[in-house]
Amino acid sequence: MKLLMIYATKFGYKTSKKGLENAEEINEEKELNDVLVGFIQVEERDEENASYVETKLIKNLKWAARKNETNKIVLHSFNHLSDSKASPDFSKALLDRADERLKNSDYETSQTPFGYFLDLDIQAPGHPLARIFKDI
């Protein structure tokens, strides 16, 4: 798994184009403030050790959220960080489980529409912990 975390004072998105043909039809536009956005690339090797990578994902997101003094986290499937890709079904299920576990830990979470390319609007401050990359 590759994980790029960006703390954003403003994070907005709008569905643009389907990336997966079988993705449900969604036309969504949303804006969030004071949020940690996890750009998540689930890789093929992650399917062999799902529990481990899921737990590491959650720990990294919680840590970065605390460092940026927010309890809001957005999970964004982002298959542009590696050539290796897990199956869409596995990736979506992992994101759903992570979302539920974060909510159970009192984080406000959301997910961007899965299987879509999005128009993004990101305002991120220029401090050291506003952008963090992890190879899990």
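About its Cα centre, how strong a charge dipole does the chain have in debye, to the nearest 20, once Lys and Arg get +1 and Asp and Glu get -1 at the Cβ?
Dipole magnitude for the chain comes out near 580 debye.
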Residue exposure sequence - 116, 7 - by fewest surrounding Cβ within 10 Å: 116, 7
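In which sequence would 11, 90 go, from the one with the fewest C-beta neighbours within 10 Å to the one with the most?
Starting with the residue having the fewest Cβ neighbours, the order is 90, 11.
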Signed unit charges on C-beta, dipole axis of the stretch 2-135, positive-most listed residue 23, 98, 33: 33
Calculated FRET value between residue 29 and residue 135, using beta carbons and R₀ = 30 Å, to 0.05: 0.40
For the stretch 109-120, 3J(HN,Hα) per residue [Karplus equation, 6.51 cos²θ - 1.76 cosθ + 1.60, θ = phi - 60°, Hz, x = Gly/Pro]: 10, 8, 10, 6, x, 6, x, 10, 7, 10, 7, 10
Cα coordinate range in the chain, projected on the principal axes (Å, largest first): 35, 33, 28
Peptides 38-46, 73-81, 16-24 ordered by average Cβ neighbours within 10 Å, highest first: 38-46, 73-81, 16-24
Label-to-label distance, nm, for residues given as residue 59 and residue 127 (7 Å Cα→Cβ offset): 2.5 nm
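A short reminder: the numbers here are calculations on the coordinates, not readings from a lab. Keep in mind that this is a model prediction, so the values were computed, not measured. Counting neighbours? That spans all protein chains shown, and the Cβs are built from the backbone with ideal geometry, glycine included.
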